[in-house]
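To keep things clear, I will list the structure first and then write my remarks on it.
The values are calculated or read from the model by the stated rules, or taken from the named source; none is laboratory data. Remember, it's a predicted structure, so these values are computed and weren't measured experimentally. Each accessible area value is taken on the protein alone, full model and side chains, heavy atoms only, with ligands, DNA and RNA left out. Shrake-Rupley method; radii C 1.70, N 1.55, O 1.52, S 1.80 Å.
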Amino acid sequence: MTLDALKQLDDRIQASVNRIQQLQRENEQLAKRLAESEQRFNEAQARSNSERTQHEAERTEIKARIEKILARFDGLDLG
């Protein structure tokens, strides 16, 4: 193997090492972004569940009030 061939091989190896390091950094950044996205998703889902529970409670309360109002009408003698 000539010195020129060794130099080319060394350059290719160094380029490969550089590319691997770049890909590792990108992978770390993507993993971080994924973790942040998952956290935001979980927080949004928790808010949604909380809001749904609140809406269901409000709906139950409104239904009970309407039933009370209707019961009062049923008790009236309008005839």
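Considering only residues that are of a type in the set (Asp, Glu) and assigned to a helix (DSSP H, G or I), which ones fall in the stretch 22-79?
As a first pass, look at the stretch 22-79 and keep what is of a type in the set (Asp, Glu): 26, 28, 36, 38, 43, 51, 56, 58, 61, 67, 74, 77.
Listed by number, the residues that qualify are GLU26, GLU28, GLU36, GLU38, GLU43, GLU51, GLU56, GLU58, GLU61, GLU67, ASP74.
Take ARG65 and decide whether it is among the basic types (Lys, Arg) and under 28 Å from the mean Cα position of the chain (by Cα).
Values: among the basic types (Lys, Arg): yes; under 28 Å from the mean Cα position of the chain (by Cα): no.
Here the answer is no, as ARG65 does not meet what is asked.
Give the residues of the stretch 14-52 that are at pLDDT 95 or above, open to solvent by less than 90 Å² (accessible area, probe 1.4 Å) and over 13 Å from the mean Cα position of the chain (by Cα), sorted by residue number.
ALA15, SER16, VAL17, ASN18, GLN21, GLN22, LEU23, GLU26, ALA31
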